[in-house]
Amino acid sequence: MGNDVPMQSLLLFACAVRHLNFTQVAEEFGTTQPAVSQRIAALEKYLGTALFKRAHRGVVLTAEGAALYDAVHDHLAAVQGAVERLRTRRRREVLTVATDFAFANFWLMPRLAAFQEAKPALDVRIVTSQNGFDIRGEPVDLAISFGAGQWPGCDAQPILPEVVVPVCSAGLLARHAPASAGDVMEMPLLHLESSGPVRWMTWHDWARAQGASAENQRQSLTLGNYPLVIQAAVAGRGVALGWRPLVDDLLRGGQLVRLPVPEMATPRGYYLVRPHGRASGPALDSLRAWIAAECAA
């Protein structure tokens with residue numbers, strides 16, 4: 001039998017313990033009673049001990065057999081549990097949602113538990129990218145994308161407009177006490193890096209809209225994703241452009257404060273994006289409706 005006991009021999013042994021009758025074991029395994037007896041005898045020879053005592057109407061487990069069964073039963077139960085979990089997971093519907101780091105971190109994740117509690121048989125998979133992506137070529141059910149509402153070959157439903165207000169820590173605001181947009185531009189600024197065309201408002205955009213100069217910046221820090229930008233703002237490293245409602249929880253909690261300048265709105269914003277003609281379904285429809293309702297609220 002080699003160095004390892006074949007799994008089939010242990011399965012057959014466990015079945016024999018349940019039935020205490022080799023004929024019934026043979027029926028379950030689709031073999032013959034002599035073949036079962038031979039496999040059990042071979043297992044006993046390998047172990048050097050008897051596992052069963054033969055009786056008139058079947059077999060009786062020995063003490064050694066009982067000890068082996070305790071170990072085998074625990075392992076088989078663990079295997080069966082893993083199999084059931086995999087089968088259950090395959091039966092569950094999984095929706096893949098693509099979005100950027102900012103929306104995932106500050107809006108979707110804090111609210112997603114409520115949706116999953118309402119839909120316990122539905123799993124959600126979130127994939128993130130700081131840059132734009134073409135959902136038409138990706139295995140994605142729904143994209144929550146930032147832009148101007150134009151995605152070729154896709155339907156785009158607006159859910160959140162771009163509303164921006166500069167934010168920073170209370171300590172940084174107290175030290176600088178800006179009274180105008182020009183004062184803000186002289187504070188340490190936090191920039192969001194982009195490897196392609198910039199789709200969101202930048203500090204230069206903000207300064208131009210406010211009629212302020214962007215030439216007097218004293219210090220700046222550029223970071224690769226928006227959660228890092230906000231983390232740096234909370235830590236007092238500089239002023240960030242805060243997208244509402246993404247930063248609203250931090251403003252309510254006092255980790256960030258608004259600077260005393262007007263917030264700005266643009267024609268851009270977040271959209272629910274789906275390729276034309278891609279199949280939907282009740283689960284996806286419920287997720288889209290939930291996101292739209294939460295954003296409206």
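The values are calculated or read from the model by the stated rules, or taken from the named source; none is laboratory data. Here the structure is a predicted model, which is why all the values come from computation and not from measurement. A quick note on method: Cβ atoms are made from the backbone with ideal geometry, for glycine too, and the neighbour counts reach across all protein chains shown. The protein model used for the area step is the full one, side chains on, heavy atoms only, and it has no ligands, DNA or RNA in it. Shrake-Rupley method; radii C 1.70, N 1.55, O 1.52, S 1.80 Å.
Some values worked out for this structure:
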| read-out | value |
| --- | --- |
| DSSP-defined beta bridges in the chain - what % are antiparallel, rounded to 5 | 65 percent |
| Rounded percent of accessible protein surface that carbon and sulfur make up, the chain, 1.4 Å probe | 52 percent |
| Environment charge of SER37, counting only residues whose C-beta is closer than 12 Å and scoring Lys/Arg +1, Asp/Glu -1 | +1 |
| Paired Rg and Dmax values of segment 29-125, which use every Cα atom, in angstrom | 25.0, 73 |
| Equivalent ellipsoid semi-axes - Cα gyration tensor, the chain, angstrom | 66, 23, 16 |
| Point-to-point label distance, HIS176-SER213, nm (Cα→Cβ direction, 7 Å offset) | 1.7 nm |
| Estimated [θ] at 222 nm from DSSP helical runs (n ≥ 4, -39500 (n - 2.57)) normalised by residues in the chain, nearest 500 | -13000 deg cm²/dmol |
| Cβ-placed point charges (K, R +1; D, E -1), dipole of the chain about Cα centre in debye, nearest 20 | 580 debye |
| With Cα atoms, 0 to 90° folded angle of helix 7-19 axis to the chain main axis | 70 degrees |
| Fully extended contour minus Cα-Cα distance, from VAL94 to LEU76, at 0.36 nm per residue | 3.6 nm |
| Mean accessible surface per residue for the chain, computed with a 1.4 Å probe while every protein chain stays in place, in Å² | 53 Å² |
